[in-house]
Amino acid sequence: MARQDFHFFFPFRVRYSEIDGQGVVFNAHYLTYFDTALTEFFRSLGFDSQEYLERTGNDFHVVKSVVNYEAPIRFDAEIEVGCRVEKIGRSSIAFWLEIFAKGEETRYSSGEVIWVNTNQKTHKSTPLDDETRALFTGA
């Protein structure tokens, strides 16, 4: 994808604690960037996770995460994580994320995160309600 395929971005500046002995962002931190961007993406849509849990008894569980490492990200780099809904299933939402240099087309990473709507008492997947589906459609 290209930068213009995203409408939502969340900024970060790479901290010293996020780099490894090679001087680049340690691989596990990419998922932290993705997770934080997803949280802020939800916030930008007006989705309140706690209210959703209280109202429906459901919450989302991560069932798949993929990170493609394309270029090293170094200490103090300013980056932006683009996030978008890629697909909405019966009970799942697939997100596509990409990490770019701030304000540039340079892409460091891309990936996918899939969440499944899950009943918190039974721990089984459950269909998305119409309100939630509508919120994420076109996001």
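Computed from the coordinates by the stated procedures, all read-outs in this text should not be read as laboratory data. As the structure is a computational prediction, the values presented were derived from the model and not from experiment. For neighbour counting, all protein chains shown are included, and Cβ atoms are generated from backbone atoms with ideal geometry for every residue, glycine included.
Relative to the current alpha-carbon distance between GLU86 and THR39, full extension at 0.36 nm per residue lengthens the span by 15.3 nm. At full extension, LEU31 and LYS64 could sit 10.7 nm farther apart than now, given 0.36 nm per residue minus the alpha carbon distance.
When Rg and Dmax are taken over the Cα atoms of region 3-136, they come to 15.9, 48 Å. Between PHE136 and LYS121, residue separation times 0.36 nm minus the direct Cα-Cα distance comes to 3.0 nm.
Basic side chains Lys and Arg get +1 at the Cβ, acidic Asp and Glu get -1 at the Cβ, and with that the dipole of region 1-135 about its Cα centre reaches some 300 debye. At what distance in angstrom do the alpha carbon centres of region 97-139 and region 29-48 lie from each other? Cα centroid to Cα centroid, the span is 9 Å.
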